[in-house]
Structures are given as C-alpha cells and as structure tokens.
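See structure below.
The values are calculated or read from the model by the stated rules, or taken from the named source; none is laboratory data. Every value quoted in this text rests on a predicted model; they were computed, and no experiment measured them. A quick note on method: Cβ atoms are made from the backbone with ideal geometry, for glycine too, and the neighbour counts reach across all protein chains shown. Keep in mind that these areas ignore ligands, DNA and RNA; they rest on the heavy atoms of the full protein, side chains included. Shrake-Rupley method; radii C 1.70, N 1.55, O 1.52, S 1.80 Å.
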Amino acid sequence: MKSIVEAIRFLTIFGSSKRAKVTSANLSRSLLYFPFVGLLIGGCLVGANFIISKYLNHSAVNLSIILLLIILSGALHLDGFADTLDGFYAGKNREEILKIMEDSRIGTMGALGLVILILLKFVLLEGTPEIIKYKTLLLMPLSSRWAMVVSGSLSKAAKTEGLGKFFCKPVRLREWLGATLFTLIVAFLILKVQSILFILSIFLFALILTRYITRKIGGMTGDTFGAINELTEVFSLLIFNLKFVI
C-alpha cells in the first residue's frame, strides 16, 4: 500500500507537496504501480472528456484534456523534457549536458520544444476518431508510465545523485513483471488482438530512446525519464491516428 501511495504522490499533484520526500528506495518499489497511476490519470481524462464535451466544441474539449493532463501530473514530466532538450542541444559532452540539465532555468530549445510538444498532442488528439477516443485517453498515460519502467529496467543511472537512480537497474524483476503484466492486461481488454502491436511498438520506442540517451550521457536521469514519458505520449497518440488501429 505504501508503494502505490508513493507512486501517486510522485506522478500526480495528489500529495505533490510531499514529492520532495520521495527519494528513498521505496520509489523503486513503486515502479510496479506506475501504469496503474497512468490508468487513473486516463480515467480522469475520459471523465473530463465526457462532461466537457456536453458544453464545449471539439477543439476546446481537446485543449482542455491536454491542460488537465498537465495539471494532473504537476508538469513534472514536461519540466524534465525541457531540461533534457536544453542539455542535449547546448551541451558538447556528457559533463556539459548534465550540468545544463541541472539548471532550473529553461532555455530556448526547452521552451520551443514544449510548444511543439503540446501542439503535437493537440493536433494528434484532434485527428483521433471519436469512436476510439476513450481508448486513446486511457492508454496514452498508461503506456507512457510503463515506458519509464521499461527504460529503467534497461539502463543505469547517469549520476550517483538525483531521483533517476531509483528508476534504474537493479529494478527488481517483481516490479518490471508486475507493471508489464498489468499494462498487457489493460491493453488487451481495450484493444484486443491489436494490443500486441501497440505494446510492442511502445516497447521498441522506449528502447530506442533509452539507447540514444544512454549513448549521450552514459545513463538515465530524472529529467530524461520525464522526456521518455512525454515523447511516449506523443507516440501513442500517433499510433491511434493510424488507420489500422480503428
């Protein structure tokens, strides 16, 4: 029970005032519940879509959904995404990249990246057929939180300090298998046979991103895990815009 509470505290605004205290090995154990928290967020998005669509037009509803997603996560992953872009763009080597990523100030590339990321989510959500929109809203946050678990199981920490080290190896087999099994079951219930292709695509996408980041800085950090989450959300939206998913 403690692990799921820590997962909720860390990944959402609920108990976010205690997020700074979540720095122990308990965070590693909470990885098991990351997809579950993602599903909770997805449920909130589905509920909001159902209610708001009664009063606002299609585009206003989709914009509201994106804003709610940002609010529910406390913009935690967006911050990591922006820091990652700043570091990877301006840093010439591993040391410079890590130093820039530690700077709390946002740079030009980070700001531009955030704008493009949010626009991509909006455009892709606009293009998602209404008939499968609830599937999209449920699986987008679930798969992106699972992608962080996958990334952590395949990588090591780039630094000895920071939250990133709690996501990386040695991730216990119990956490990885539990998170993966939960994701597979939920995806199958929603997508049926097509869930195999969906999950495989998310896994390969997370693998490619993790390998690229690891080559650049020798491992993963809290910021790069945030980038994994944000980019996977965009990738999952892209999948649901493909005709074969319908």
Charge dipole magnitude, Cβ of K and R +1, D and E -1 - the chain, Cα centre, debye nearest 20: 660
Report the relative contact order of the chain, percent, no decimals, based on alpha-carbon pairs under 8 angstrom and at least 6 residues apart. 27
Taking trypsin sites (Lys or Arg not before Pro) that fall in a DSSP loop and have at most 10 other Cβ atoms within 10 Å as cut points, what is the longest piece of the chain between them? 106-246
Diffing segment 217-222: the Karplus 3J(HN,Hα) column from phi (6.51, -1.76, 1.60, θ = phi - 60°), in whole Hz with x for Gly and Pro, holds 10, x, x, 10, 10, x
The pairs in Lys2/Lys159; Lys133/Lys156; Lys121/Lys216; Lys135/Lys156; Lys99/Lys133; Lys2/Lys92 lying past 30 Å Cα-Cα in this model are Lys133/Lys156; Lys135/Lys156; Lys99/Lys133; Lys2/Lys92
For segment 1-145, what is the convex hull volume of the alpha-carbon atoms per residue, in Å³? 129
Using R₀ = 22 Å, calculate the FRET efficiency as 1/(1 + (r/R₀)^6) where r is the Cβ-Cβ separation of Lys92 and Arg215; round to 0.05. 0.90
Return the sequence-ordered ³J(HN,Hα) values of segment 105-116 in whole Hz as given by the Karplus equation 6.51 cos²θ - 1.76 cosθ + 1.60 applied to θ = phi - 60°, using x for Gly and Pro. 6, 8, x, 4, 5, x, 5, 5, x, 5, 4, 5
For q = 0.11, 0.14, 0.16, 0.18 Å⁻¹, Debye-computed log10 I/I(0) when each Cα of the chain counts as one equal scatterer: -0.54, -0.89, -1.18, -1.48
Sequence of Val193, Val150 when ordered by accessible area, the most exposed leading, probe 1.4 angstrom: Val193, Val150
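Could you compute the FRET efficiency for Leu119 and Leu181, with r as their C-beta to C-beta distance and R0 at 30 Å, rounded to 0.05?
0.30
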Relative contact order for segment 86-217: what percent, with Cα pairs under 8 Å and sequence separation of 6 or more? 25
Per residue of segment 127-144, what does 6.51 cos²θ - 1.76 cosθ + 1.60 with θ = phi - 60° give for ³J(HN,Hα)? Whole Hz please, x for Gly and Pro, Karplus curve as stated. x, 6, x, 4, 5, 10, 5, 5, 5, 4, 5, 7, 8, 4, x, 5, 5, 6
Quick one: grab Rg to one decimal and Dmax as a whole number for segment 110-230, Cα atoms only, in Å. 15.3, 47
For segment 191-246, the per residue accessible area (1.4 Å probe, Å²) is 43
Given the DSSP H assignment, sum -39500 (n - 2.57) over each helix run of at least 4 residues in the chain and divide by its residue total; what's the result at 222 nm in deg cm²/dmol, nearest 500? -23500 deg cm²/dmol
